[in-house]
Number of protein chains: 4
Amino acid sequence: MSDSGMSAASFRTLYDRLHGQARWGAGDRRGALNHITPQRLAAAAGEVRAGRTVTMAAPLASSAPDNPEPAARHMKHLPAEPSDVPGLSFAADQIVMNVHGDADSHIDALCHVSYGGALYNGVTPGTVSSRGAAELSIDDARDGIVGRGVLLDIPRLRGVPWLEPGDQVTAAELAAAERAQQVRVGPGDLLFVRVGHRRRRDELGPWDVPRSRAGLHPAAAEFLAERQVAALGSDSNSDAAPSIVDGVAFPVHVLAINGLGLHLLDYLQFEDLVPACEEAGRWSFLCVVAPLRLPGGTGSPVNPIAIL
Amino acid sequence: MSDSGMSAASFRTLYDRLHGQARWGAGDRRGALNHITPQRLAAAAGEVRAGRTVTMAAPLASSAPDNPEPAARHMKHLPAEPSDVPGLSFAADQIVMNVHGDADSHIDALCHVSYGGALYNGVTPGTVSSRGAAELSIDDARDGIVGRGVLLDIPRLRGVPWLEPGDQVTAAELAAAERAQQVRVGPGDLLFVRVGHRRRRDELGPWDVPRSRAGLHPAAAEFLAERQVAALGSDSNSDAAPSIVDGVAFPVHVLAINGLGLHLLDYLQFEDLVPACEEAGRWSFLCVVAPLRLPGGTGSPVNPIAIL
Amino acid sequence: MSDSGMSAASFRTLYDRLHGQARWGAGDRRGALNHITPQRLAAAAGEVRAGRTVTMAAPLASSAPDNPEPAARHMKHLPAEPSDVPGLSFAADQIVMNVHGDADSHIDALCHVSYGGALYNGVTPGTVSSRGAAELSIDDARDGIVGRGVLLDIPRLRGVPWLEPGDQVTAAELAAAERAQQVRVGPGDLLFVRVGHRRRRDELGPWDVPRSRAGLHPAAAEFLAERQVAALGSDSNSDAAPSIVDGVAFPVHVLAINGLGLHLLDYLQFEDLVPACEEAGRWSFLCVVAPLRLPGGTGSPVNPIAIL
Amino acid sequence: MSDSGMSAASFRTLYDRLHGQARWGAGDRRGALNHITPQRLAAAAGEVRAGRTVTMAAPLASSAPDNPEPAARHMKHLPAEPSDVPGLSFAADQIVMNVHGDADSHIDALCHVSYGGALYNGVTPGTVSSRGAAELSIDDARDGIVGRGVLLDIPRLRGVPWLEPGDQVTAAELAAAERAQQVRVGPGDLLFVRVGHRRRRDELGPWDVPRSRAGLHPAAAEFLAERQVAALGSDSNSDAAPSIVDGVAFPVHVLAINGLGLHLLDYLQFEDLVPACEEAGRWSFLCVVAPLRLPGGTGSPVNPIAIL
């Protein structure tokens, strides 16, 4: 819950320490997805017991005043209108989406963040041109991200309906939530941290999200490294705002994506998953994230599915 | 392999017979997804053994001369350029997609096809307006479509690299492929039928897909009904072109989506899945289809994941 | 300056009276453009003396918090990057625009407004389908709207920098501005009414434009009819907000577009034109409005050019 | 009509000679628009006699198989559907356009072409970033391009309905067309050269335009320089394809935009203008080109208007 500030030098030291733990060779482009071994993936299938599935995505293309360029959907054909096609008519539409728009559920590819003159694993930012990302694009995750998912519910731990904008979740709180929920995050897990952003939005309406968000404290990235999580998702974008790090606006993005090679899942919602976990009496599940196949893409809209 | 033509009257009789088998009440909006019971879903998780995942999607936003309005992706921010954000820079892009574009992997919602003045289950086409589909939108599948997937490989059965445009797959061939591949399609399965469209495209280049496609013979829809499949996918769009039914351009779309309440998955690719199945020595797997959350949407781009 | 409210019945009476003055036959699709005769158009060329041109458009694709879905522009090719084209490289971009977006300069086609169950001249609203407007589209103005332009500057008349949101410009004020500026609006003229919206935005920043705008008093539409103007433009959207008419949100749009067959030009800016007129010592000019050729379109972005 | 090829060295010599004639100082960003003086512009207004206007644009957003990513238009609101707005309903749509798409009428800004490591007047290509063009954008022409227009009709000169793809128009032919049409291109004129591309398309259907086009012979750029034209438009894109210059794909684009600072107008149509000129008995007119206000833009869709 600390928000006492972090100096640029302390942040750099933290980055260097974490960055040194992403060790899959100079040619690696999968980052922390390497933690998902076939054995761990097969074991995760054992999480399926009730035969129930739950979305972790928020609706796209809704009116979104907290998003300056929201996703949009337009109709192309209406089935009630005459058709060029003999014997039937179609309903069809088009979607337009800024992949990393605030409020729209999406995944960040490892090319998304440049820090200190490099992308993840020292890849030069110049590999991303107007044609897209020649390296580290979301297409590297085209076979899906599948593993054991674990949801840690921080408002539940704190006994509040949601964290307020600006609140920060520390490593100690993540560990406390594990104990309270009787689950332990381990190697290859997909970790989801609920701050209650979506519920707050549903109840109080949208606010100036780009400038005020609850999120992880930067030092909590040590927890991610130590537990060897494979991906990190949140109902915020994982980074609190304003940033407490001098001169670095998105410290968790830098540490997680650029330093640890973690794909981030932003602006999810867990309002369907929480009651399902409560009913099942556990906070782990098989989780499938299926990014669209976008060669060169910096990320993708996603609908992560929890299977209990 | 028959393409001897079907009269409008025969088609109507077939439609009426199949339509009568979709029996989940007047308020039903899930159609054949009802075949996926919790028991069947939980059992499908048992298909995961090797801990391996495979995409069934084709790349989006590729140069697509067989698609008059292809999906597109544009860069919004380049990480090699100066940034407004302190301490880091971002790669970000935007995507634009006609959901039902030829060549782009997507799922059709149950509102997609109007036939005889009605959508699936008698819903009026007027429920789809310029705001989107008030009924039967893809959001009804927001929790994902998860079950046992089965791939039937028709070119393998015929001993050819791919089916030629215009070729039709009969129910007898589907049954023959089952026997040859030692797998049996059953209730709640997600059935995938390979005609080799994508491999032909990769090897010979694109062609006039809207006018010439391999696909299922309309009468093969009886197989889908009888086996109670929950969804149908293909590397074509399931419908052969030109149509052999007098006056009905997309007979399989009509029978499957509108008649049986089957979500169709169009323009997938199985070129990664075939060798994975060969290696595993079986043609069934856990399958997860995660449509984007598009309230009112007529479908969604998807990346179906096979987990073996 | 009155904002004392207008009853639904008074509004309907006003509408009926004005509507009756648009008399070019049942098949007419050009509305008040009919006031621009070849003679008047040729005479308007005599307004060109100094050989100077001035834009009346505001920049598109700017950051626009007063516009929930602003126009956007994306780069497709950067000339500093390697090129597929031998010997040279290109800069190229894409634009996306909601034609009638608040803050973006555009023209409204005569199909834009349906009132009392009809478009202009009794055309049925059903002629506009998801394919576009079969009647009254902006393509009817594809040869451009060219005539004498007259700018009436209401803040100048009132001695204020701009009108405040909610302020209404009466017919009496339009006549007073004519006298003060020594110009008289006549048949076939393109009338531009400055309320200072754009200057206020430049100086104070954007505000909630959809809910609070200066504009014309509905009764000022009588002035438009009497003077037989051919088109009406404003740096607002001609309609004040909130509306003073019971139950009618955009009364000037209804009276002008639907009743009189006037093309409206919304969200222009006159901050370049005012000093040019001052320097020239007159408030009339040759004016050219060139809508894009958008068959079926409900309007178009435009950059009206004043030639003095 | 020559297509005997031009060596890279000859082309470079030609480029250097023409480039040396664009002399408005190191800070110039308007290029050949400088040829339009106030006197010439005022004189051009004298071309208006009949009071008639004619579009030179082709329809946007039409089905365009010769354009891999055509402009598109989608409906946002239909007036026949219930409305959120009290008392009326709206028809509204959205447009999407690649500014330089083949088949869509547009203007190229001076930043459009980089050659020999520089944009027009030595500006560095790095001034164009993912945010747009910081220099030489189309916003430099925001006050419109207004002057005397002259149409030279080459198929008329040759006695053919259109030039075939690959045909090249020489300087000698331009001069011959002047004589035949009794008009002389002079300083500050907007020159339009008809090759009949659009008529061929209307009659024979679209073809592979990116690879086969009629256009100007590169050496005809000497004519443009000598006559001091201010802008050049064509119903092709001014460049023939395939290129006859070794190693330079768009030699006229390089010579005209990059060398001479000429704005190019591509994919216009003159099928309406030709009969209007015939009727008027002359081939000159007042011409107004009004690019949209797109700060940073590499060009704009346009609808150039001829006023006779």
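The values are calculated or read from the model by the stated rules, or taken from the named source; none is laboratory data. Quantities reported herein were computed from a predicted structural model and do not represent experimental measurements. Cβ coordinates were reconstructed from backbone atoms using ideal geometry, including for glycine residues, and neighbour counts include every protein chain displayed. Areas reflect the complete protein model, heavy atoms only, side chains present, ligands, DNA and RNA absent. Shrake-Rupley method; radii C 1.70, N 1.55, O 1.52, S 1.80 Å.
With every protein chain present, what accessible area does B:PHE90 have (1.4 Å probe, heavy atoms only), rounded to the nearest 10 Å²?
Solvent-accessible area, nearest 10 Å²: 30 Å².
Give me a comma-separated list of calculated 3J(HN,Hα) values for the stretch B:13-30, in order, Karplus coefficients 6.51, -1.76, 1.60 applied at θ = phi - 60°, integers in Hz, x for any Gly or Pro.
Here the 3J(HN,Hα) series is 4, 4, 4, 4, 5, 5, 4, x, 8, 8, 10, 10, x, 5, x, 5, 10, 9 Hz.
DSSP loop (so not H, G, I, E, B), at most 14 other Cβ within 10 Å: list which trypsin sites (Lys or Arg not before Pro) in the stretch B:210-308 pass both filters.
Qualifying residues, ordered by number: B:ARG211.
Once you place label points 7 Å from the Cα toward the Cβ at B:ALA134 and D:ARG17, how far apart are they in nm?
My value for the distance between the label points is 7.2 nm.
Based on DSSP H runs of at least 4 residues, each adding -39500 (n - 2.57), what is the mean residue ellipticity at 222 nm of chain C after dividing by all its residues, to the nearest 500 deg cm²/dmol?
On the way: 7 runs with 58 residues, N = 308.
About -5000 deg cm²/dmol.
Please find, in a Gaussian network model of chain B (springs between Cα atoms separated by less than 10 Å), the residue of B:LEU78, B:LEU163, B:LEU264 whose mean-square fluctuation is greatest.
Sorting by GNM fluctuation, first place goes to B:LEU78.
Considering only the other residues whose Cβ falls under 12 Å of the Cβ of C:GLY299, what net charge follows from Lys and Arg at +1 and Asp and Glu at -1? Working shown, then result.
On the way: positive: D:ARG73, D:LYS76; negative: C:ASP104, C:ASP108, C:ASP139, C:ASP140, C:ASP266, D:ASP93.
Every neighbour counted, the sum reads -4.
Chains D and A: buried accessible surface, both sides, probe 1.4 Å, rounded to 100 Å²?
Numbers: alone 13530 and 13530 Å², together 26610 Å².
Between D and A, the summed buried area is about 400 Å².
Determine the distance separating the Cα centre of the stretch A:241-274 from the Cα centre of the stretch D:213-277; give it in Å without decimals.
Distance between centres, Cα-based: 51 Å.
How big, in percent, is the set of alpha carbon pairs in the protein assembly as shown lying more than 64 Å apart?
On the way: 77962 of 758296 pairs.
Result: 10 percent of Cα pairs exceed 64 Å.
For q values of 0.07 Å⁻¹, compute log₁₀ I(q)/I(0) with the Debye formula on a Cα-only model of chain D, without solvent.
With no solvent term, the Cα-only Debye profile gives -0.27.
By what distance, in whole Å, do the Cα atoms of the stretch A:201-255 stretch along each of the three principal axes, largest value first?
36, 27, 12
So what's the net charge close to C:ALA44: Lys and Arg +1, Asp and Glu -1, counting the other residues with Cβ under 14 Å from its Cβ? Walk me through the numbers before you get to the answer.
Values: positive: C:ARG40, C:ARG49, C:ARG148, C:ARG282, D:ARG49, D:ARG52; negative: C:GLU47, C:ASP189, D:GLU47.
Every neighbour counted, the sum reads +3.
Order the following by accessible area, largest value first: A:ARG198, C:ARG52. Probe radius 1.4 Å; ligands, DNA and RNA are ignored. Don't skip to the end; give the middle numbers.
Details: A:ARG198 25, C:ARG52 90 Å².
Ranked from most to least accessible, the order is C:ARG52, A:ARG198.
Hey, can you find the accessible area per residue of chain C for me, probe 1.4 Å, expressed in square angstrom? The partial results should precede the final answer.
Numbers: 9720 Å² over 308 residues.
So chain C comes to 32 Å² accessible per residue, rounded to a whole number.
If you roll a 1.4 angstrom probe over the protein chains with everything in place, what fraction of the accessible area of the protein assembly as shown belongs to carbon and sulfur, to the nearest %? Please report the intermediate quantities before stating the final value.
Details: 19120 of 38970 Å².
Its accessible area is 49 percent carbon and sulfur atoms.
Using a 1.4 angstrom probe on the protein heavy atoms only, could you order D:HIS217, B:HIS77 from most to least accessible area? Don't skip to the end; give the middle numbers.
Numbers: D:HIS217 25, B:HIS77 90 Å².
Accessible-area ranking of D:HIS217, B:HIS77, largest first: B:HIS77, D:HIS217.
Tell me, what HN-Hα J-couplings in whole Hz come from the Karplus equation 6.51 cos²θ - 1.76 cosθ + 1.60 at θ = phi - 60° for each residue of the stretch D:243-252, using x for Gly and Pro?
5, 8, 8, 4, x, 10, 6, 10, x, 5
If packing is taken as the mean number of other Cβ atoms within 10 Å per residue, what is the order of A:236-245, D:170-179, D:150-159, highest first? Don't skip to the answer; put the middle values down first.
On the way: A:236-245: 23.3, D:170-179: 17.4, D:150-159: 19.8.
Packing proxy ranking, top to bottom: A:236-245, D:150-159, D:170-179.
Taking only the alpha-carbon positions of the stretch C:108-206 and ignoring solvent, what does the Debye formula give for the base-10 log of I(q)/I(0) at q = 0.10, 0.18, 0.19 Å⁻¹?
Here the Debye-derived log intensity ratios amount to -0.45, -0.97, -0.98.
Quick one: with label points 7 Å out along Cα→Cβ, list the inter-copy distances for D:PRO242 in nm, shortest first?
Relative to the other copies, D:PRO242 has label-point distances of 3.6, 6.1, 6.9 nm.
From Cα pairs below 8 angstrom and at least 6 apart in sequence, can you work out the relative contact order of chain C, rounded to a whole percent?
Working: 711 pairs, mean separation 96.2, N = 308.
Relative contact order of chain C: 31 percent.
Among DSSP beta bridges whose residues both lie in the stretch B:81-236, state the antiparallel percentage, nearest 5.
Details: 3 of 14 bridges.
Restricted to the stretch B:81-236, the bridges split so that about 20 percent are antiparallel.
Residue by residue through the stretch D:168-181, which ³J(HN,Hα) values in whole Hz follow from phi under the Karplus form 6.51 cos²θ - 1.76 cosθ + 1.60 (θ = phi - 60°), with glycine and proline marked x?
Using θ = phi - 60°, the values come out as 10, 9, 8, 4, 4, 5, 4, 5, 5, 5, 4, 4, 5, 9 Hz.
Give the average, rounded to an integer, of partner chain Cβ atoms located within 10 angstrom of each Cβ in C:140-148.
Working: counts 0, 3, 8, 12, 12, 2, 8, 2, 0.
Averaged over the peptide's residues, the number is 5.
Using a 1.4 angstrom probe and counting only protein chains, how large is the accessible area of C:SER284 in Å², to 10?
C:SER284 has an accessible surface of roughly 10 Å² with all protein chains in place.
Under 5 Å between amide H atoms, partner at least 5 residues away or on a different chain: which partners does C:ALA109 have, H built in plane at 1.01 Å?
Close amide H contacts, sequence-distant or interchain: C:GLY299, C:SER300.
Taking every DSSP beta bridge that has both residues in the stretch B:175-277, what percent is antiparallel when rounded to the nearest 5? Kindly include the intermediate steps, with their values, before the conclusion.
Values: 1 of 9 bridges.
Expressed as a percentage, antiparallel bridges in the stretch B:175-277 total about 10.
When the solvent-accessible surface of protein heavy atoms is calculated with a 1.4 angstrom probe, in what order do C:ASP16, A:ASP108, B:ASP140 fall, highest first?
Working: C:ASP16 80, A:ASP108 0, B:ASP140 55 Å².
Sorted descending by solvent-accessible area, the residues read C:ASP16, B:ASP140, A:ASP108.
Quick one: net charge around B:LEU264, please, counting Lys, Arg +1 and Asp, Glu -1 for every other residue with C-beta under 11 Å from its C-beta.
Working: positive: none; negative: B:ASP108, B:ASP239, B:ASP266.
Charge balance in the 11 Å sphere: -3.
Write down the percent of antiparallel bridges among all DSSP beta bridges whose residues are both part of chain C, to the nearest 5. Could the numbers behind the result be given before it?
Details: 28 of 44 bridges.
Roughly 65 percent of the DSSP beta bridges within chain C come out antiparallel.
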